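First the structure, in the form of structure tokens, and then the observations on it.
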């Protein structure tokens, strides 16, 4: 597909940072949860190396929160995920697939416990507010479900901690992975967590006051000048190297957690009330397809083989064995990397497969650095 | 906002017609229901006149269907909308706002009755499948809720009927507005309805076989050569002239049907089981804001006054009185037209309001042709 323009209307919501993104020269967007998500500032390669070497500020406002509060809040949130949330600490976040009664994945958010009776579901791309509201309505639960105006800003990269400390103080250093603290900023207490969709380290600032958006952006850029801070965005290259999955691409509503390698986020033996657990216990890892990695030694021209649903068909000799869901050229490893859903009958580590006439080898996800660097 | 590129991944789904759109020179897209929706082929003005004078084929695959089938199907669909569906004929479509228990609008689809126990909800931009599934789950209903692979293709414009008859036969002529028939096409019976998001007349073909997509596209273009058939898309100018609302822009989840002028689609006195009816009866038209039209005699530079949530603030002298949600220059009427949500305290027909320093006058929606042409 050739380069296309994006048409923007009120429906494709802007964010409190949009004017700053424009000023910073954002070149491309995608739409995520009905909201603009920047995807390119410089060249793809320059964006990539900058993230890996310095620190970037990402407008991930589109990572919308579904707030569930009230007496039945914990019960409703637990009902939606097969991961045991009973031992979640205050201000802790947990990656928790949202699954339906068939065990299929409706979203793969981070669930954050703000209080015993107040939770945020920090979303991937689907309207989970509707699912949560529908369940609450049908089960007659005593909860309020809504989308608060919270606009996460991620600070990612090896110098992220230094930058965050300059804005929020040294206390940020003590935040552990997937934990958060309420930190002071210009008279507000803001939830700041050590998390983010990269493996370069970093934080997410859950800004709940839109009016402070441009000030926060400016403060980060002023404080980070000597750190070479720059605008950035979830990086399609780095995240594939790191094996981070994208809901809607690698994971779809037609998949269960076993197929996507999310087994470790399921608590099959837990004594909890979860909609999907009965189905998932039954499936128990017995799946007919599974998400794996593929490494190609040369660059592959994927665009020539797009199928009608936006994926790329994968072959073992003449046999159609699955579909590539995400792929990228890795400048670091000088290899083409893909994530693919492949029929288990054809799965074997190191097995050769082909797409667009190019041969690659199957590997488990996440890719092992030794293998990539080999 | 300057022109931006759109980043496309598997998550932003392509359609069975995507390759044909590319070949036809599509220039811009938006994302709608996680799917590519074309927005521009020639210039905005050329696209507009072509629609009004000839016939266009629109890929509106993103108008996804939620299929509800099973013994409780009619009950669930009725539960979701305050419009009385009890007298819906087979293959009839009804514009039916989906509202929650507070009376707020979650979507404004066309609901189609395929059988007593099988319905399609032909969606605007939100994941109503999740809402319907959540309700079905919570209420323990005996239904199946899913998104079938149906890809609507709209044929719109004054020559649409002629073109549709050439492909589907003269029987198409007998289809009344918002009614449909199962018509034969290359060995398949396809649901064809007289509907579409323009006032130029036309049909929507609910293609349920992706494999036939390119063939159907080609057949339409071959049969319509002498009709000057062209590629098109929901037209942001024509639809505002016609007063057609866009969910996500003009209508949001924070609005109820009274605020959006949808009173005539509510059956407040009906003896039906609908989640939102109790709340809507209570509201009963007593609202604090309402969607109206604004006509400006000159072109307005809206981009200079975008607020942080993608709308444009509206003033009565110094007083903030509401927000413009959609706007366009009308080549036909040589006026700038807007749809705006305005506090009822400030509403009066013909009243002057200002945005971006330009003065306009309030009018009821849809705009009256006499007023536009004046």
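The values are calculated or read from the model by the stated rules, or taken from the named source; none is laboratory data. Since we're looking at a predicted model, the values are computed, not measured. Every residue, glycine as well, gets a Cβ built from its backbone with ideal geometry; the counts of neighbours run over all protein chains shown.
Does the stretch B:97-109 include one or more residues that are surrounded by fewer than 21 Cβ atoms within 10 Å (Cβ to Cβ) and under 15 Å from the mean Cα position of the chain (by Cα)? For the stretch B:97-109, residues surrounded by fewer than 21 Cβ atoms within 10 Å (Cβ to Cβ) and under 15 Å from the mean Cα position of the chain (by Cα): absent.
If you check B:369, B:349 for being exposed (fewer than 13 other Cβ atoms within 10 Å of the Cβ), touching a residue at least 12 places away in the same chain (Cβ under 8 Å) and assigned by TED's automatic domain parsing to the domain that holds residue B:294, only one passes: B:349. Applying the set (1) in contact (Cβ under 8 Å) with a residue 60 or more places away in the chain; (2) within 14 Å of chain B (Cβ to nearest Cβ); (3) part of a strand (DSSP E or B) to residue A:57 leaves exactly one unmet item: (2). In this structure, residue A:106 qualifies as over 30 Å from residue A:221 (Cβ atoms) and facing chain B (nearest Cβ under 9 Å).
For the stretch B:151-166, what are the residues that are within 21 Å of residue B:21 (Cβ to Cβ) and in a helix (DSSP H, G or I)? Matches in the stretch B:151-166: B:160, B:163, B:164.
Condition check ((1) touching a helix residue (DSSP H, G or I) at 6+ places or on another chain (Cβ under 7 Å); (2) under 30 Å from residue B:22 (Cβ atoms); (3) within 14 Å of another protein chain (Cβ to nearest Cβ); (4) surrounded by 15 or more Cβ atoms within 10 Å (Cβ to Cβ)) across all residues:
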{"position": "B:233", "(1), (2), (3), (4)": "no, yes, yes, yes"}
{"position": "B:242", "(1), (2), (3), (4)": "no, yes, no, yes"}
{"position": "B:255", "(1), (2), (3), (4)": "no, no, yes, yes"}
{"position": "B:261", "(1), (2), (3), (4)": "no, no, no, yes"}
{"position": "B:273", "(1), (2), (3), (4)": "yes, no, yes, no"}
{"position": "B:285", "(1), (2), (3), (4)": "yes, no, no, no"}
{"position": "B:303", "(1), (2), (3), (4)": "no, yes, yes, no"}
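Of the helices (runs of 4 or more DSSP H) entirely within the stretch A:204-287, those holding at least 1 residues that are over 28 Å from residue A:194 (Cβ atoms) occupy A:277-283.
Considering the stretch B:15-33, and only residues there that are surrounded by fewer than 22 Cβ atoms within 10 Å (Cβ to Cβ) and without any contact (Cβ under 8 Å) to a residue 24 or more places away in the chain, the residue that is farthest from the other protein chains (Cβ to nearest Cβ) turns out to be B:23. Residues of the stretch B:151-181 that are out of contact with any helix residue (DSSP H, G or I) (no Cβ under 8 Å at 6 or more places or on another chain), within 24 Å of residue B:66 (Cβ to Cβ) and surrounded by fewer than 21 Cβ atoms within 10 Å (Cβ to Cβ): B:175, B:177, B:178, B:179.
Scan the stretch B:347-362 for residues that are assigned to a loop (DSSP other than H, G, I, E, B), in contact with a strand residue (DSSP E or B) (Cβ under 8 Å, 6 or more places away or on another chain) and closer than 18 Å to residue B:301 by Cβ and the total you get is 1. Before we move on, is residue A:183 assigned by TED's automatic domain parsing to the domain that holds residue A:232, without any contact (Cβ under 8 Å) to a residue 12 or more places away in the chain and not in a helix (DSSP H, G or I)? So residue A:183 does not fit the description; no. Checked against (1) surrounded by 17 or more Cβ atoms within 10 Å (Cβ to Cβ); (2) more than 22 Å from residue A:251 (Cα to Cα); (3) in contact with a helix residue (DSSP H, G or I) (Cβ under 9 Å, 6 or more places away or on another chain), residue A:290 passes all but condition (2). Applying the criterion of being farther than 21 Å from residue B:65 by Cβ and either surrounded by fewer than 19 Cβ atoms within 10 Å (Cβ to Cβ) or without any contact (Cβ under 8 Å) to a residue 40 or more places away in the chain (or both) to the residues of the stretch B:187-214, the residue that is farthest from the other protein chains (Cβ to nearest Cβ) is B:201. Of these, B:136, B:184, which one is more than 20 Å from the chain's Cα centre (by Cα), surrounded by fewer than 23 Cβ atoms within 10 Å (Cβ to Cβ) and modelled with pLDDT of 95 or more? Sole residue among the options that is more than 20 Å from the chain's Cα centre (by Cα), surrounded by fewer than 23 Cβ atoms within 10 Å (Cβ to Cβ) and modelled with pLDDT of 95 or more: B:184. Taken over the stretch B:113-133, residues that are over 15 Å from the mean Cα position of the chain (by Cα), farther than 20 Å from residue A:135 by Cα and facing another protein chain (nearest Cβ under 7 Å) amount to 0.
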